[in-house]
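Here's the structure, in structure tokens; my notes come after.
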Amino acid sequence: MTTGKNLHKNLESFLRHIDAIRDTLPMTMLLIQPYNKKANDDFSKFLNENVEEIEDDNGKKRLLVKADESKKFETLERNASTSALASKIIPESLFVSLISQYDAFLTRLLRAIYEIKPDVLNGSERNLTFSQLVEMETVENARDYIIDKEIDTVLRKSHSEQFDYLEKLLGIKLREKLPIWQTFIEITERRNLLVHCDGVVSSQYVKNCKEHKCQIDKIKVGQRLGIEPKYFTNAYKCLYEIATKLTHTIWRKLLISDLKDADRELNDVCFHLINTNSFELADILLEFGCNQKRHFNDSLKNVFIVNGSLSKYLQDKKEEAKQILDKKDWSASSDDFKLAYSVLTDDYEIAYEMMLKIGDNGDVDKSDYKQWPLFNKIREEEKFKETYKDIFKEEYTVMETPMKPIQELINREIKKNKELKEKTVKKVDSAKELKEKESTTPNRVGGSAI
């Protein structure tokens, strides 16, 4: 029987790929900054010491460089220019890569859908000639050919039209209660601008964004759009949310009997976000999980509720955390959920009682007490450590979580150069601007105009 295994593997692969791209940006920019600063400092120093600015009779300013210094000027100017371009190109290239990963994710998602529900291809208008059928030899080969053609056609559509296709194919509404939709359309349209128009706003971009009510009031045709760090992060979060919701909506639609795995895998995605302090995404996806019409059982639904409360609790939004919990009566729940309730409502005395009741062979074990973010704050209490010792007959020791390589690199670089915290890289005129200033400078005795 077909399960949601391929759907899960596809989503997991996509999330890891965009996580890698997200981590690459700050790491790369961190390494570029010293190079950028040195190139600009060297060029600025040369300009101050060797270049004279004069004004002609028409009031135009020009730069004069000695003839024997012109080669050095050109080299230093090129170094400064290319380092500045790297700071622009890298974020844009990585942003385009985010959207490319989404397109690859959609390709695999479509294949999984056709595998789970092959009858959706019955309405395909793909035609095969008799000679093509003979060459393919088997029905399976013919089916694969049709799938390839169908996917190719879908990928040539706009991202909005791709959702139209999926909604018609599966008979479900995918954009209801999806406030991130406008962001999704804007980032995919901006990707098209960067790939085809060097980021310069076109009338088509404006038309498509306005059609989907994207907030682009301050953006005008002819304006160049880049990729700022905050924008890049928002795009990453948008794709993370869209792909997760799309996968799990389709999973629950096509494989109702597979709810147990669907609930577990969605909870795992959310738990990972909590563990990495990605609370904004965790809040969104946990609310999505809680609001599903069907869950495998109450226990798995309770995990969504507890993790939803935990995410708020770890953000010091304790009142919101309690409100989430109090929507349910926990009196008939198992001891592990009662323990979670007591911890999240800061009722530590009850929590210690529940720990002792669960004991050393219950639903919460030693590694849970050491690793679960549920116990992040209570672990600091001496009585927690005493209770742990009473249960497991050993001293409580902290289990350290390895730091992400990107954070280790950032910490190391900041330790070596504390100026990186400030991000004060001085900008100089670009090559184009300099040449515009200098274009009318005449030759003079003992030197040359560049």
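A few notes on this one:
- Test: residue in the stretch 104-118 that is part of a helix (DSSP H, G or I), open to solvent by 20 Å² or more (accessible area, probe 1.4 Å) and modelled with pLDDT under 75: no
- Output for the stretch 260-286, where each listed residue is open to solvent by 50 Å² or more (accessible area, probe 1.4 Å) and more than 19 Å from ASN234 (Cα to Cα): LYS260, ASP261, ARG264, ASP268, PHE271, ASN275
- Some residue of the stretch 191-210 being at pLDDT below 95, within 20 Å of GLU92 (Cα to Cα), among the aliphatic types (A, V, I, L, M) and in contact with a Lys or Arg (Cβ under 9 Å, 6 or more places away or on another chain): no
- Residue within the stretch 239-247 that is small (Gly, Ala, Ser), in a helix (DSSP H, G or I) and open to solvent by less than 10 Å² (accessible area, probe 1.4 Å) present: yes
- Meets criteria (touching a Ser or Thr at 6+ places or on another chain (Cβ under 7 Å), on the phi < 0 side of the Ramachandran plot and of a type outside the set (Asp, Glu)) for ILE32: yes
- TYR369 vs. criteria surrounded by 17 or more Cβ atoms within 10 Å (Cβ to Cβ), out of contact with any Phe, Trp or Tyr (no Cβ under 9 Å at 6 or more places or on another chain) and aromatic (Phe, Trp, Tyr): no
- Members of the stretch 355-366 that are open to solvent by less than 80 Å² (accessible area, probe 1.4 Å) and more than 14 Å from GLU386 (Cα to Cα): ILE358, GLY362, VAL364, ASP365
- Test: residue in the stretch 39-56 that is closer than 26 Å to VAL200 by Cβ, open to solvent by 40 Å² or more (accessible area, probe 1.4 Å), in contact (Cβ under 8 Å) with a residue 60 or more places away in the chain and of a type in the set (A, V, I, L, M): no
- Options ASN361, ASN376, ASN417: the member that is under 23 Å from ILE274 (Cβ atoms), among the polar types (S, T, N, Q) and modelled with pLDDT under 95: ASN376
- Hits in the stretch 185-238 - residues which are in contact with a Ser or Thr (Cβ under 6 Å, 6 or more places away or on another chain) and assigned to a loop (DSSP other than H, G, I, E, B): VAL221
- The one condition in (1) within 31 Å of the chain's Cα centre (by Cα); (2) farther than 30 Å from SER97 by Cα that LYS60 fails to fulfil: (1)
- Considering only residues in the stretch 187-204 that are open to solvent by less than 20 Å² (accessible area, probe 1.4 Å) and not hydroxyl-bearing (Ser, Thr, Tyr), the one that is farthest from the chain's Cα centre (by Cα) turns out to be VAL201.
- Identity of the residue in the stretch 307-354, part of a helix (DSSP H, G or I) and β-branched (Val, Ile, Thr), that ends up surrounded by the most Cβ atoms within 10 Å (Cβ to Cβ): VAL343
- Evaluation of MET27 against the conditions (1) open to solvent by 60 Å² or more (accessible area, probe 1.4 Å); (2) in a strand (DSSP E or B); (3) touching a helix residue (DSSP H, G or I) at 6+ places or on another chain (Cβ under 8 Å) shows that the sole unmet condition is (2).
- Picking from residues in the stretch 1-18 that are outside any loop (DSSP other than H, G, I, E, B) and touching a Ser or Thr at 6+ places or on another chain (Cβ under 9 Å), the one that is most open to solvent (accessible area, probe 1.4 Å) is HIS17.
- Odd one out for CYS209, checked against (1) surrounded by 16 or more Cβ atoms within 10 Å (Cβ to Cβ); (2) at positive phi: (2)
- Residue, modelled with the highest pLDDT, within the stretch 128-177, restricted to residues that are open to solvent by 60 Å² or more (accessible area, probe 1.4 Å), β-branched (Val, Ile, Thr) and assigned to a helix (DSSP H, G or I): VAL139
Residue-by-condition table, conditions (1) touching a helix residue (DSSP H, G or I) at 6+ places or on another chain (Cβ under 6 Å); (2) farther than 14 Å from ILE274 by Cβ; (3) β-branched (Val, Ile, Thr):
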residue	(1), (2), (3)
ASN302	yes, yes, no
TYR313	yes, no, no
LYS318	no, yes, no
GLN371	no, no, no
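The values are calculated or read from the model by the stated rules, or taken from the named source; none is laboratory data. A quick note: this is a predicted structure, and the numbers were derived from the prediction, not measured. Note that each Cβ is placed from the backbone with ideal geometry, even for glycine, and that neighbours are counted across all protein chains shown. Please note that ligands, DNA and RNA were not included when accessible areas were found on the heavy atoms of the full protein model with its side chains. Shrake-Rupley method; radii C 1.70, N 1.55, O 1.52, S 1.80 Å.
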